[in-house]
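Inspection log for the structure reproduced underneath, given as structure tokens.
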Amino acid sequence: MKWLITGGCGFIGTALIKRLVAEGGHSIRVVDNLSVGTREDLASCCEYEEAVAGLPFSGERVQLVVGDIMDERLALEAGKDIDVVVHLAANTGVGPSVENPRLDCMTNVIGTFNYLESARANGIRRFVFASSGAPIGECIPPIHEEMVPHPVSPYGASKLAGEGYCSSYFRTYGIDTVALRFGNVYGPGSGHKNSVVAKFIKLALEGKTLEIYGDGTQTRDFIYIADLIEAVVKAATVPGVGGEVFQIATSAETTVGEMLEILLAEFERRGIRGVKYMNGEKRLGDVMRNFSDTSKAKNILGWEFKVGLGEGIANTIEYFVN
């Protein structure tokens, strides 16, 4: 297959590329503005060539096009000769969206629209959209696909808009769009991420104090990167799933405090002691409870997670230590 991966130099993008390169037989074009991921990150998972959009693929080598998803002309060019778009590029996280909701809207809504338009103009039949549990907002979990969304944060609102555009492009233009609502993704390769697992590990290894927003009883559903990538590949390849939304997580409700206990125990096992932590103010836009019912993904995509939180955190600390 010929893949177009936006945000392909980031944490999830490089993990997906590594998987596809190992599988063999694929051509991959990456669009990334290098605001988070870097050329070095891409080079760590594959050999690549840097090119302008619209150039033909050369064998199975990965092609990097440096540019922003807000550039609609670039989007149209980058979509030429493509089988599937995996749209990962976004303004990510609740905090940045609260600080700058306009940037969050423009990046996540217009950026997604540009690549849906590219798919329409170039006859691309499959479009995988990286969404989140954030569109649902405050609810009594587990979150499932039939819940009515009430986003709390601007980030949740912008991701909900992306899901809405995906639905419309499936129903109006026949593009097989698939929206994946990722849980809290963690794992090796997350050096640039500022989500809670990666942030806590980095701070601990630097000897800095970890800050828990609120009392630590807020819950999340932590999904290991390899399991997430398997879901992305299935969303891109399983037939008959156009227009669908899937929760991609573990169906396990874990408090931030419980996650921290697992982290501290693993640090202790490695001889890293004296990690300090504190409780701070609750963060604006955060929800208190968040975990998913993943039965739809199991029944329709044939996907379920394999790596538990203890094993996943041990692997992630190993990555950061080395």
Calculated log₁₀ intensity ratio I(q)/I(0) where the Debye formula runs over C-alpha points of the chain, q = 0.06, 0.08, 0.11, 0.15 Å⁻¹: -0.19, -0.34, -0.66, -1.26
Nonlocal amide H pairs with Val185, under 5 Å, H built at 1.01 Å: Ile223
Rough spin-label spacing in nm, given labels placed 7 Å along Cα→Cβ, for Met70 and Met278: 3.6 nm
Prolate/oblate/rounded label for the range 225-304 (Cα gyration tensor, a/c 1.5): prolate
Aspartates and glutamates whose Cα lies under 16 Å from that of Lys276, excluding same-chain neighbours fewer than 8 positions away: Glu206, Glu211, Asp215, Glu258, Glu261, Glu266, Glu268
Residue among Tyr224, Gly162, Val197 farthest towards the positive dipole end of the range 100-244, charges placed on Cβ: Gly162
Solvent exposure of the range 116-169 as accessible area per residue, Å², 1.4 Å probe: 37 Å²
Fraction of accessible area attributable to carbon and sulfur, the range 166-322 (%, probe 1.4 Å): 49 percent
Full-stretch length increase - Thr217, Glu146 - with 0.36 nm per residue and alpha-carbon distance subtracted: 23.0 nm
Length-normalised contact order for the range 157-246 - Cα pairs under 8 Å, 6+ apart - percent: 47 percent
Farthest toward positive dipole pole in the range 212-322 [+1 Lys/Arg, -1 Asp/Glu at C-beta], among Leu301, Phe267, Met288: Phe267
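Highest mean first, how do 298-311, 119-132, 98-111 rank when packing is the count of other Cβ atoms within 10 Å averaged over residues?
Numbers: 298-311: 15.6, 119-132: 21.6, 98-111: 17.6.
In decreasing order of mean packing, 298-311, 119-132, 98-111 become 119-132, 98-111, 298-311.
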Helix-only mean residue ellipticity at 222 nm for the chain, each DSSP H run of n ≥ 4 adding -39500 (n - 2.57), per residue, nearest 500: -11000 deg cm²/dmol
The range 238-253 and the range 118-147: distance between their alpha carbon centers, rounded to Å: 9 Å
Percentage relative contact order, the range 92-214, counting C-alpha pairs under 8 Å, at least six apart: 27 percent
Cα gyration tensor of the range 175-322 - equivalent ellipsoid semi-axes, whole Å, descending: 30, 17, 12
Distance histogram in 5 Å bins (all Cα pairs of the range 174-260, percent per bin): 3, 13, 19, 19, 17, 11, 8, 5, 3, 1, 0
Cα-centred dipole magnitude for the range 206-316, charges only on beta-carbon of K, R (+1) and D, E (-1), debye, nearest 20: 140 debye
Two-site label geometry, Leu205 and Arg269: point separation in nm, points 7 Å out along Cα→Cβ: 1.7 nm
Integer Hz, Karplus 6.51/-1.76/1.60 couplings in order for the range 125-131, x for Gly and Pro: 8, 10, 9, 9, 10, 7, 10
Base-10 log of normalised Debye intensity for the range 58-211 (one unit scatterer per alpha-carbon) at q = 0.15, 0.20 Å⁻¹: -0.89, -1.30
Dipole of the range 30-133 [Lys/Arg +1, Asp/Glu -1 at C-beta], most positive-end residue of Gln63, Val94, Gly133: Gly133
Assigned charges on the beta-carbon of Lys, Arg, Asp, Glu; the range 274-322 dipole about Cα centre (debye): 160 debye
Length-normalised contact order of the range 199-322 in % [C-alpha pairs under 8 Å, at least 6 apart]: 43 percent
Size of electric dipole in the chain: Cβ of Lys, Arg +1 and of Asp, Glu -1, about Cα centre, debye, nearest 20: 60 debye
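The values are calculated or read from the model by the stated rules, or taken from the named source; none is laboratory data. As the structure is a computational prediction, the values presented were derived from the model and not from experiment. All Cβ positions, glycine included, derive from the backbone under ideal geometry; neighbour counts span all protein chains shown. Just so you know, the surface numbers come from the protein's heavy atoms only, side chains and all, with ligands and any DNA or RNA stripped out. Shrake-Rupley method; radii C 1.70, N 1.55, O 1.52, S 1.80 Å.
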